[in-house]
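Undergrad: Have a look at this one.
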Protein chains: 2
Amino acid sequence: MATTPQFRRIDLAPAYQKVADAIEREIINGRIKPGEPIGTEQQLVEQFGVNRSTVREGIRVLEEGGLIRRDSSRRLQACLPRYNKLATRLSRALILHEVTFRELFETSMTLEVASVEGAVERATEENVAELADNVERSADVVGNPAGLAELDAEFHVLVAKASQNRVLQLAREPAAQLFFPTTEMIVGGVPEGGARLVEAHRRILDAIRRRDKEAGVLWTRRHLQDWRRGFEKIASLDRSVEHTYMEHAYAARQ
Amino acid sequence: MATTPQFRRIDLAPAYQKVADAIEREIINGRIKPGEPIGTEQQLVEQFGVNRSTVREGIRVLEEGGLIRRDSSRRLQACLPRYNKLATRLSRALILHEVTFRELFETSMTLEVASVEGAVERATEENVAELADNVERSADVVGNPAGLAELDAEFHVLVAKASQNRVLQLAREPAAQLFFPTTEMIVGGVPEGGARLVEAHRRILDAIRRRDKEAGVLWTRRHLQDWRRGFEKIASLDRSVEHTYMEHAYAARQ
DNA sequence: CTTATCGGTTTGTCCGACAAAGCTAGATTT
DNA sequence: AAATCTAGCTTTGTCGGACAAACCGATAAG
């Protein structure tokens, strides 16, 4: 065995992939910082010694991966991947996998409770101010389901932000993106739903202010249970997210 | 104002993006099912009436987004986005955002506990058999940090799978991908670390078997606390994941 | 029945080209 | 002199065509 010559695994990745990988490496290990330019396509052609079409295919890969973007004048520059864009992809994946609202609800319960726990522990004054502003605006649109749903989503993003835990912020995002669009249906379908929602937000904010973890968790649970009760009035928890949305979109179009 | 003609917002998305969007729509709303072929590049050229280079750029976008892949013979086909690939992108994003191990640990604690709770409730016999197999193999390599680290990662994936909650499986993946590579360092650095790890896994499996949620949660917490204690012996929880890995890689190369 | 061979496809890459949009710097106007 | 305009250069997005290598399917040879 020892005398058998060892060959390195032959590299058969297509050129566009290697271009993408090479640029990715430079960004990942910090030699190109977010915001810095990557160079023009022509420059990349010269540096890599491949055709422009090949470079462009590599660029498309990185662009979709969120590692580079084009600035106002369409020049390439490195950027910090936005959670939101990636989260959208994940949400889409969840839909295609036909996950149910029960799975969504269970996971969101876990993550929202964790968020509020973190927020109670570590929210800054600025976080509290943002939340207070949100709650105030919510109270103004309590009769408007669409507006309230949007502010509800924002409220929970702000709570996660207040937890100062970016991993948690990221982890909750895909589920939240699928979860919260239903808020509009529910608030619209349940009398007093809007008022209950704002009340819960107010209590949660208050708990964060007072650093009262127990109250924060309690009201977060109630808030989500409210959602669940409302949801079960209009659809089944065990149907897939996709089907439920399709039907709702269909019903709305009638 | 009323007399001013209203123009529809002119569509200025580049052609490759439109190609990608068009194919994506077909997949999302189920007209092309996972596994079905998309057609050859030439066919797409004819259908969309654009150049092959343009089609190829669109394909790269979808490929990176995980919506299509090339089968063994490099023909295009729709596919279910793999969590793993998307999770890798997210992990990379987390690194670039310089998250700390404290954030990672806190979130993983939440998600792993939720996973084990779900597993205790809903694990099938097949899930249990997979876990048992994993634990057995772990016992065999208890002295081999690299092998044990790999099986540890697998164990936690299997627990999440046993929870029957795909949203949870997905949510834990990005953090896990960053979290578990450290297991090797820790097991290697702490005497009896390997044995403790296997013991914890055995207890968790046992709890799942007996549907004993309290024990499952307890041992999962202990298991992660063990990780944390081990980690703090070799690095600080408050440093960024990136820096810690860089240093470890550097030290390993010496 | 397996293996070898041979076209026809398909992908990956390259070359060259051009219109549209952006940028730059010199020319023009106020 | 400052602001504006304009013409030219650059860069991107798209196109057409080309070719080698890999792959597929079917046929021929062992």
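Undergrad: In whole Hz and in residue order, list the ³J(HN,Hα) couplings for the range B:124-139 that follow from phi through the Karplus curve 6.51 cos²θ - 1.76 cosθ + 1.60, θ = phi - 60°; x for Gly and Pro.
TA: So the J values, rounded to whole Hz, are 8, 4, 5, 4, 4, 5, 4, 5, 4, 4, 4, 4, 4, 4, 4, 4.
Undergrad: I would also like to ask the following. Among the listed pairs A:Lys33/A:Lys161; A:Lys213/B:Lys161; B:Lys213/B:Lys233; A:Lys18/A:Lys85, which are separated by more than 27 Å between their Cα atoms?
TA: Long pairs (Cα-Cα over 27 Å): A:Lys213/B:Lys161; B:Lys213/B:Lys233.
Undergrad: Same structure, new question: Suppose each label sits 7 Å from its Cα in the direction of the beta carbon; what would the B:Asp238-A:Arg221 distance come out to in nanometres?
TA: 3.2
Undergrad: Not counting ligands, DNA or RNA, and with a 1.4 Å probe, what is A:Trp227's accessible surface area in Å² rounded to the nearest 10?
TA: 20
Undergrad: Could you size up the charge dipole of the range A:100-254 around its Cα centre, putting +1 on the beta carbon of Lys and Arg and -1 on that of Asp and Glu, and report it in debye to the nearest 20?
TA: My answer is approximately 300 debye.
Undergrad: Between the label point of A:Asp238 and that of the same position in each other copy, find the distances and list them shortest first in nm, with every label point placed 7 Å from Cα along the Cα-to-C-beta direction.
TA: From this label point to the equivalent ones elsewhere in the assembly: 4.9 nm.
Undergrad: Calculate the spin-label point distance for A:Gln47 paired with A:Arg25, positioning each point 7 Å from the Cα along the beta-carbon direction, and give it in nanometres.
TA: 1.3
Undergrad: Treating the point 7 Å from Cα along Cα-beta-carbon as the label, what are the nm separations from A:Gln17 to the other copies, to one decimal?
TA: Values, ascending and in nm: 2.7.
Undergrad: How far apart are the B:Arg31 label points across copies, placing each 7 Å from Cα toward Cβ, in nm, shortest first?
TA: Ordered by increasing distance: 4.5 nm.
Undergrad: Looking only at A:Asn127, A:Asn84, A:Asn29, which one moves most when chain A is put into a Gaussian network model with springs between Cα atoms under 10 Å?
TA: Fluctuation is largest for A:Asn29.
Undergrad: Here is a further query. Taking N as the number of residues in chain B, what value does Rg over Cα atoms divided by 2.2 N^0.38 Å take?
TA: It is 1.30.
Undergrad: Another question, if that's okay. What residue among A:Asn134, A:Gly58, A:Thr110 has its Cα farthest toward the positive end of the dipole of chain A, where the charges are +1 on Lys, Arg and -1 on Asp, Glu, each on the Cβ?
TA: A:Gly58
Undergrad: Per residue of the range A:144-160, in order, report the coupling 6.51 cos²θ - 1.76 cosθ + 1.60 (Karplus, θ = phi - 60°) as ³J(HN,Hα) in whole Hz, putting x for Gly and Pro.
TA: Values per residue, Gly and Pro as x: 10, x, 5, x, 5, 4, 5, 5, 5, 4, 4, 4, 6, 4, 5, 4, 4 Hz.
Undergrad: If I ignore ligands, DNA and RNA and count only protein heavy atoms, how much of A:Tyr245 is accessible to a 1.4 Å probe, in Å² to the nearest 10?
TA: Here the residue's solvent-accessible area equals roughly 50 Å².
Undergrad: Counting only helical runs of four or more DSSP H residues, what would the 222 nm mean residue ellipticity of the protein assembly as shown come to if each run contributes -39,500 (n - 2.57) and the total is spread over all its residues?
TA: -23500 deg cm²/dmol
Undergrad: To continue, here is another question. So how exposed is B:Arg31, as accessible area in Å² (1.4 Å probe, rounded to 10)?
TA: Taking all protein chains as shown, B:Arg31 has close to 150 Å².
Undergrad: To continue, here is another question. Rounded to a whole number, what % of the accessible area of the range B:15-78 do carbon and sulfur atoms account for, probe 1.4 Å?
TA: Answer for the range B:15-78 is 45 percent, counting heavy atoms of protein chains only.
Undergrad: Could you work out how much longer the chain between A:Arg210 and A:Glu136 gets when fully extended? Use 0.36 nm per residue separation minus the Cα distance between them, nm to one decimal. Walk me through the numbers on the way to the answer.
TA: On the way: separation 74, 0.36 × 74 = 26.64 nm, distance 1.82 nm.
The span from A:Arg210 to A:Glu136 would gain 24.8 nm if fully extended.
The values are calculated or read from the model by the stated rules, or taken from the named source; none is laboratory data. Quick caveat, the model's predicted, so the values are computed rather than measured. Reconstructed Cβ throughout: ideal geometry from the backbone, glycine too, with neighbour counts over all protein chains shown. SASA here: full protein model, heavy atoms, side chains in, ligands and nucleic acids out. Shrake-Rupley method; radii C 1.70, N 1.55, O 1.52, S 1.80 Å.
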